[in-house]
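> Following this message is one structure expressed as structure tokens.
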Amino acid sequence: MSLLKILHYPDPRLKKIASPVTQFDAVLHTLIADMAETMYAAPGIGLAATQVDQHRRIVVIDVSEERNSLLVLINAKIVQKAGTQVYEEGCLSVPGIYEKVERAEEITVEYLDLTGNAQILTARGLLAVCIQHELDHLEGRVFVDYLSQLKQSRIKTRLAKQAKANL
């Protein structure tokens, strides 16, 4: 396994729409293992393949305290939403930035597991937020896209300053 490079906003590759996974092979399993290792090392609770410049419909998530409940969603789609909730979100592609975003409180998602078997999951709270956040990445959206133009501009300026300071 190896750590993958996480793209940072406003990298245009984060706007690419991911393609469905069609082959469930060793290459896929290696990518998923590398994504999980990268997410845990970052540290984060979710990572979409788009964030590591792999434009395939793959998401890894672990919202457990123990960091031992990896959830892998392949070709996932939300089929039902209910209610609303506001969570302060962060993102490995937008380091150090946290903003409140409104999302569905409960979702039902259909997806394929590691072996290509169809699964259905109903999620609430943080897990529901995380799934929605990560699936947005696969559609070329980052959580800051939900914010005002002014906030987006400030975030870009702040990230540019951070990048210069790290040179």
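So that you can scan it fast, the table gives a plain yes or no per residue for (1) in contact with a strand residue (DSSP E or B) (Cβ under 9 Å, 6 or more places away or on another chain); (2) in a helix (DSSP H, G or I); (3) of a type in the set (Ser, Thr, Tyr):
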residue: Val21; (1), (2), (3): yes, no, no
residue: Phe24; (1), (2), (3): yes, no, no
residue: Met35; (1), (2), (3): yes, yes, no
residue: Gln51; (1), (2), (3): yes, yes, no
residue: Val63; (1), (2), (3): yes, no, no
residue: Arg67; (1), (2), (3): no, no, no
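> Something else: Can you report the number of residues in region 117-164 which are in a helix (DSSP H, G or I), farther than 29 Å from Glu65 by Cβ and of a type in the set (Gly, Ala, Ser)?
The number of residues fulfilling the criteria is 3.
> Also: Among the listed residues Val21, Val27, which satisfies the condition of being closer than 18 Å to Leu112 by Cβ, surrounded by 14 or more Cβ atoms within 10 Å (Cβ to Cβ), modelled with pLDDT of 95 or more and more than 15 Å from the chain's Cα centre (by Cα)?
Details: Val27 fails: surrounded by 14 or more Cβ atoms within 10 Å (Cβ to Cβ).
It is Val21.
> A follow-up question, please. Starting from region 1-23, keep only residues that are closer than 10 Å to Leu138 by Cα, then list their pairs with residues that are of a type in the set (Gly, Ala, Ser) and surrounded by 14 or more Cβ atoms within 10 Å (Cβ to Cβ) whose Cβ atoms are within a distance under 9 Å, requiring at least 6 positions of separation or different chains.
Close Cβ pairs (under 9 Å, with a partner that is of a type in the set (Gly, Ala, Ser) and surrounded by 14 or more Cβ atoms within 10 Å (Cβ to Cβ)) amount to Leu14/Ser93; Leu14/Gly140; Lys15/Gly140; Lys16/Gly140; Ile17/Gly140; Ala18/Ala48; Ala18/Ala49; Ala18/Gly140.
> Look through region 53-87, keep the residues that are among the polar types (S, T, N, Q) and within 15 Å of Tyr111 (Cα to Cα), and return whichever of them is surrounded by the fewest Cβ atoms within 10 Å (Cβ to Cβ).
Gln80
> Would you check if Ala48 is in contact (Cβ under 8 Å) with a residue 40 or more places away in the chain, out of contact with any Ser or Thr (no Cβ under 7 Å at 6 or more places or on another chain) and among the aliphatic types (A, V, I, L, M)?
yes
> Same structure again: What do you reckon, is Val79 under 28 Å from Ala163 (Cα atoms) and either at pLDDT 95 or above or assigned to a strand (DSSP E or B) (or both)?
Working: under 28 Å from Ala163 (Cα atoms): no; either at pLDDT 95 or above or assigned to a strand (DSSP E or B) (or both): yes.
Answer is no for this residue.
> Inside region 82-111, can you point out the residues that are among the small types (Gly, Ala, Ser) and either outside any strand (DSSP E or B) or more than 28 Å from Arg154 (Cβ to Cβ) (or both)? Let's see the steps before the verdict.
Taking region 82-111 first, the residues among the small types (Gly, Ala, Ser) are 82-83, 90, 93, 96, 104.
Answer for region 82-111, where residues must be among the small types (Gly, Ala, Ser) and either outside any strand (DSSP E or B) or more than 28 Å from Arg154 (Cβ to Cβ) (or both): Ala82, Gly83, Ser93, Ala104.
> Okay, next question. Among the candidates Leu114, Leu73, which residue alone is in a strand (DSSP E or B) and hydrophobic (A, V, I, L, M, F, W, C)?
That would be Leu73, the only listed residue that is in a strand (DSSP E or B) and hydrophobic (A, V, I, L, M, F, W, C).
> Give the residue, chosen from Gln51, Gln132, Gln85, that is at pLDDT 95 or above and more than 24 Å from Arg13 (Cα to Cα).
On the way: Gln51 fails: more than 24 Å from Arg13 (Cα to Cα); Gln132 fails: more than 24 Å from Arg13 (Cα to Cα).
So the residue among Gln51, Gln132, Gln85 that is at pLDDT 95 or above and more than 24 Å from Arg13 (Cα to Cα) is Gln85.
Okay, residues lined up against (1) under 27 Å from Lys156 (Cβ atoms); (2) more than 15 Å from the chain's Cα centre (by Cα); (3) among the basic types (Lys, Arg):
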| residue | (1), (2), (3) |
| --- | --- |
| Asp34 | no, no, no |
| Glu37 | no, no, no |
| Pro43 | yes, no, no |
| Arg67 | no, yes, yes |
| Asn75 | no, no, no |
| Val79 | no, yes, no |
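> List the pairs whose first member sits in region 136-161 and is closer than 23 Å to Ala48 by Cα, whose second member is outside any helix (DSSP H, G or I) and polar (S, T, N, Q), and whose Cβ atoms are under 8 Å apart, counting only residues at least 6 apart or on separate chains?
As it stands, the answer is His137/Ser93; Val142/Ser93, since those pairs meet every condition given.
The values are calculated or read from the model by the stated rules, or taken from the named source; none is laboratory data. Remember, it's a predicted structure, so these values are computed and weren't measured experimentally. Virtual Cβ from ideal backbone geometry, glycine too; neighbours counted across all protein chains shown.
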